[in-house]
Structure formats: C-alpha cells, structure tokens
1. Considering only region 65-85, state which residues are under 16 Å from S16 (Cβ atoms) and of a type in the set (D, E, K, R).
2. Would you say S6 is modelled with pLDDT under 95 and closer than 20 Å to Y111 by Cα?
3. So, in region 106-124, of the ones that are out of contact with any helix residue (DSSP H, G or I) (no Cβ under 8 Å at 6 or more places or on another chain) and assigned to a strand (DSSP E or B), which residue ends up most open to solvent (accessible area, probe 1.4 Å)?
4. Name the pairs: first residue in region 54-66 and touching a residue at least 24 places away in the same chain (Cβ under 8 Å), second residue polar (S, T, N, Q), Cβ to Cβ under 8 Å, at least 6 apart or on different chains?
5. Would you please name the residue that is nearest to R66 (Cα to Cα), looking only at residues in region 96-105 that are more than 11 Å from the chain's Cα centre (by Cα) and either touching a residue at least 60 places away in the same chain (Cβ under 8 Å) or surrounded by 18 or more Cβ atoms within 10 Å (Cβ to Cβ) (or both)?
6. Within region 1-28, which residues are more than 17 Å from Y100 (Cα to Cα) and β-branched (V, I, T)?
7. Could you figure out which of (1) exposed (fewer than 14 other Cβ atoms within 10 Å of the Cβ); (2) modelled with pLDDT of 95 or more isn't true of T27?
8. Go through (1) assigned to a loop (DSSP other than H, G, I, E, B); (2) open to solvent by 60 Å² or more (accessible area, probe 1.4 Å); (3) touching a strand residue (DSSP E or B) at 6+ places or on another chain (Cβ under 6 Å) and name the single condition P40 misses.
Amino acid sequence: VQLQASGGGLVQAGGSLRLSCAASALTFSIYSMAWFRQAPGKEREFVGAINWRRGNTYYADSVKGRFTISRDTATNTIYLQMNSLKPEDTSVYYCAATSYYRGSVSAKESYYYWGQGTLVTVSS
C-alpha cells in the first residue's frame with residue numbers, strides 16, 4: 001500500500017493550495033482518510049478527515065472554514081483545498097488511511113498507513 005502526497009509548495013499569506021494524496025496497491029477497502037501536519041519542533045497534529053463511504057468530513061478548529069477535504073472514490077484520491085493560508089499553516093502535511101474504525105478520527109493512532117509528506121510554506 002502506498003500513499004503518495006503532492007501539491008505542496010510556497011505561497012503567500014492569503015493564498016491557496018490544493019494537496020492530493022493517491023492511495024495505490026490497495027489490499028483493503030478504505031474506511032477513512034485524513035490529513036495531519038507537523039511543523040518543525042512540534043507534534044504532528046490533526047487537520048481533517050473524511051469517511052470514505054459516507055463522505056462525512058471532520059476538521060480541526062484551526063482550519064475550519066478555510067480548508068476543505070474531498071475524495072474521489074474512483075481513483076482512491078483525497079484532496080485538501082487550503083484557502084486563506086496563514087504563516088502558521090506552514091508544515092509538512094501528511095495523508096493517512098485506515099481500513100477500519102480504530103478510534104477517534106483526529107488521533108494519529110487511528111491510522112495505519114501514512115504518506116511521505118509534502119511541505120507547505122506560507123510566507124507573510
């Protein structure tokens with residue numbers, strides 16, 4: 001199983017970016033996928049998640065109203081549309097997946113498969 005994240009880059013504050021994460025070589029049905037991020041010297045934190053079958057979405061308070069998660073079930077791809085970016089959004093963004101419910105959608109421990117991360121830098 002591979003999760004390939006892409007779309008990171010450098011953007012000015014107030015700008016937008018769209019991240020993608022494609023899951024390949026799947027040997028299971030996806031239950032949910034999520035985005036986490038980790039800034040230098042900080043813990044990895046939850047950004048948002050999506051239930052694969054129902055499409056329900058969940059967001060951290062820090063990104064609610066600015067970020068949107070969507071999915072393409074035909075290509076097993078998850079997206080993170082990031083608008084109104086702030087310098088504090090600068091992080092490496094990771095996608096994650098699980099094949100069954102393992103706990104809270106916002107907990108790192110609830111996901112077994114992880115992508116390699118893509119760097120998002122927001123300049124002020």
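1. Result: R66, single match.
2. no
3. Looking at residues that are out of contact with any helix residue (DSSP H, G or I) (no Cβ under 8 Å at 6 or more places or on another chain) and assigned to a strand (DSSP E or B), I get L119.
4. From region 54-66, the pairs are Y58/S106; A60/S106.
5. Ranking the qualifying residues of region 96-105, first place goes to V105.
6. Listed by number, the list holds a single entry, V11.
7. T27 satisfies all of (1) exposed (fewer than 14 other Cβ atoms within 10 Å of the Cβ); (2) modelled with pLDDT of 95 or more except (2).
8. Failed condition: (3).
The values are calculated or read from the model by the stated rules, or taken from the named source; none is laboratory data. Note that this is a predicted model, so its numbers are computed, not measured. Positions of Cβ are generated from backbone atoms using ideal geometry, with glycine treated the same way; all protein chains shown enter the neighbour counts. Ligands, DNA and RNA are excluded from the accessible area calculation, which covers all protein heavy atoms including side chains. Shrake-Rupley method; radii C 1.70, N 1.55, O 1.52, S 1.80 Å.
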